[in-house]
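See structure below.
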Amino acid sequence: MNKLTPEELTRYSRQLVLKDFGLKNQEKLKQASVMVVGAGGLGSPALLYLAAAGIGTIGVVDFDIVQESNLHRQVLFSTEDIGKNKAITAEGHLRKLNPFVSVVPITEKITSKNALAIISDFDLVLDGSDNFPTRYLVNDACVLAGKPLVYSSILQYEGQLAVFNVPQHTGEPSLNYRDLFPEPPLPNEVPNCEQAGVLGVLSGILGSMMANEAIKLITGIAEPLINRLVIIDSLSLEMLTIKIPDRNSRASIKILIDYEEFCGLNQQKDKSLDMKEITVRELKQLIDTKADFQLIDVREIHEYEQANLGGEHIPMAEVPYNIDRIQTDKQVVVHCRSGGRSGNIIQWLEKNHQFENLYNLKGGILAWAHEIDSSIEVS
C-alpha cells in the first residue's frame, strides 16, 4: 500500500508543504528502496535522514561491529552499542526513529559473488565504504545491474560527492566511478581515516548530502549531481565542482572481478610476508639488555599520550617529512597499535628510501599490553 496514513501525513507535513514536492513525491519516497553500503561515518547520517524522510525500504550492508573510536562521527550509534554488529544495530535505531519504514540489515561482507544479488532488490545504492576495492566493486555492480549510485568519500577535512550511472534524456547512463578514477592508487599511497584522521562533522555534511541526492533521484525534484564531482573543504567551507571526463569506461565493465587483486592488495599481502618482524618478548629483551636500537611509535598524538613504550614519536603521516630521524646504522623497531600502520609505513620506507634495518613489532602495543604489561590501557 503506497498511500500515506494519517500518521505519516502528520510526520512528513513539513515536506508535504514544500513547493514542487507535495503528496505525490512523498508517496514516491514510500515506494522507493535504497541500499546503503557501510553504516559508518557517511552511512550513519545518510541512513538517519533517509529514514526520517520516509524512504519505504532501506537496506544496510555492514558486517563490522561498533567500536569506541567510531562514535565521534558515526552518530547512528551510542556507547551502549560498542561491540554490536552495525547493520543490526542500525535497524533498531532507524525503526525507533521512523516505524513506518522497513529496514533490511545485511550482515555479510559484500563481494563479487554476492553483490549483484544484494543490490537487485533496491532502486538505488549509496556507497559510504572506506576502501577502494569496495568502491570499485559497488560501482561495477551498479553499472551491470543498471542501478544509480551516490558516492562520497572523506579524509581529514575534505570530502567528495558525485552521482553515477543515472539514466539521461539521451538514453545513455551518466558517467561512473571509473570515469573519475580509472585506476586505483597504489596500496598505502592514500592513507585511511585511522592513519590520517577525519573531522567528525565532515561525515555529517557529506552523509546528509548523499541522502539529499538520493531524494532528488527518487522524486525528480532537481537535477542530480551527475557527470560532476563536488569537493568540499570543511575548514574554509569552499566547494569546488569539476567536470568528470568521459573515458568510456562502461565498455570495460563486463563482469565482477577480484577487486583486492585489482587494487594491488594481494600483492601487498605477499610483500608483507617478507617483512622483518620482532615479537614483544624480543623487544623486551632488547630493552632489558640496553641494546643499541631505535624504537619508533607511529601512532597519533592522542594514542601516544594515553600509553606508550618510551619510543620516539613520529606519527605515520609525518614520517615522510622526518626521514632523517630514522637511523640507518642500527636496528629500528617500528610499532603502532596492532601492527598494521607500522607495517605499511615500513613497506613505504623500504620501497621509497631503501631502508634495510626496519623491524615491525608484531601485534603492536596491544600485544605488549597483553603479554608484557597488563597495566597499560590501550583503546
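The values are calculated or read from the model by the stated rules, or taken from the named source; none is laboratory data. Keep in mind that what you see is a predicted model, and the values were worked out from it rather than measured. Cβ placement follows ideal geometry from the backbone for every residue including glycine, while neighbour counts extend to all protein chains displayed.
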Note to self: Considering only residues that are farther than 16 Å from E277 by Cβ and part of a helix (DSSP H, G or I), which ones fall in region 369-379?
What the structure shows: A369, H370
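Every residue, every condition in (1) farther than 19 Å from I205 by Cα; (2) modelled with pLDDT of 95 or more; (3) touching a strand residue (DSSP E or B) at 6+ places or on another chain (Cβ under 6 Å), yes or no:
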position: K30; (1), (2), (3): yes, yes, no
position: V36; (1), (2), (3): no, yes, yes
position: T57; (1), (2), (3): yes, yes, yes
position: S112; (1), (2), (3): yes, no, no
position: L126; (1), (2), (3): no, yes, yes
Note to self: I'd like to know if region 47-61 contains one or more residues that are more than 22 Å from T219 (Cβ to Cβ), in the same structural domain as I118 (by TED's automatic domain parsing) and small (G, A, S).
What the structure shows: no
Notebook entry, point to check: Within region 87-106, can one find any residue that is over 24 Å from L149 (Cβ atoms) and surrounded by 21 or more Cβ atoms within 10 Å (Cβ to Cβ)?
Noted result: yes
Check: Just checking, how many residues over region 366-379 are of a type in the set (S, T, N, Q) and either free of Cβ contacts under 8 Å to residues at least 60 places away in the same chain or crowded, with 17+ Cβ neighbours inside 10 Å (or both)?
Finding: 2
Notebook entry, point to check: Given L76, L50, L94, which one is assigned to a helix (DSSP H, G or I) and within 23 Å of L161 (Cα to Cα)?
Noted result: L50
Next item on the list: Only residues that are in a loop (DSSP other than H, G, I, E, B) and at pLDDT below 90: list them for region 255-278, please.
Entry: L256, I257, D258, C263, G264, L273, D274, M275
Next item on the list: Report, ordered by the first and then the second residue, all pairs with beta carbons closer than 8 Å, sequence separation of six or more or different chains, a first member in region 219-247 that is touching a residue at least 12 places away in the same chain (Cβ under 8 Å) and small (G, A, S), and a second member that is in a loop (DSSP other than H, G, I, E, B) and surrounded by 12 or more Cβ atoms within 10 Å (Cβ to Cβ).
Entry: S234/Y157; S234/L199
Next item on the list: For region 320-365, name all the residues that are among the aliphatic types (A, V, I, L, M), surrounded by 17 or more Cβ atoms within 10 Å (Cβ to Cβ) and either free of Cβ contacts under 8 Å to residues at least 40 places away in the same chain or farther than 19 Å from L286 by Cβ (or both).
Entry: I326, V332, V334, I345, L349
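For (1) in contact with a Lys or Arg (Cβ under 7 Å, 6 or more places away or on another chain); (2) of a type in the set (A, V, I, L, M, F, W, C); (3) without any contact (Cβ under 8 Å) to a residue 60 or more places away in the chain, each residue gets a yes or a no:
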position: Q31; (1), (2), (3): no, no, yes
position: M35; (1), (2), (3): no, yes, no
position: G43; (1), (2), (3): no, no, no
position: A52; (1), (2), (3): no, yes, yes
position: T57; (1), (2), (3): no, no, no
position: V60; (1), (2), (3): no, yes, yes
position: Q67; (1), (2), (3): no, no, yes
position: L76; (1), (2), (3): no, yes, yes
Check: Being in the same structural domain as P45 (by TED's automatic domain parsing) and over 18 Å from D64 (Cβ atoms), is that true of even one residue in region 81-96?
Finding: yes
Next item on the list: Considering only region 58-86, state which residues are among the acidic types (D, E) and either buried (at least 23 other Cβ atoms within 10 Å of the Cβ) or under 17 Å from G41 (Cβ atoms) (or both).
Entry: D62, D64, E68, D81
Next item on the list: Answer with yes or no whether Y151 is within 30 Å of I345 (Cα to Cα) and free of Cβ contacts under 8 Å to residues at least 60 places away in the same chain.
Entry: yes
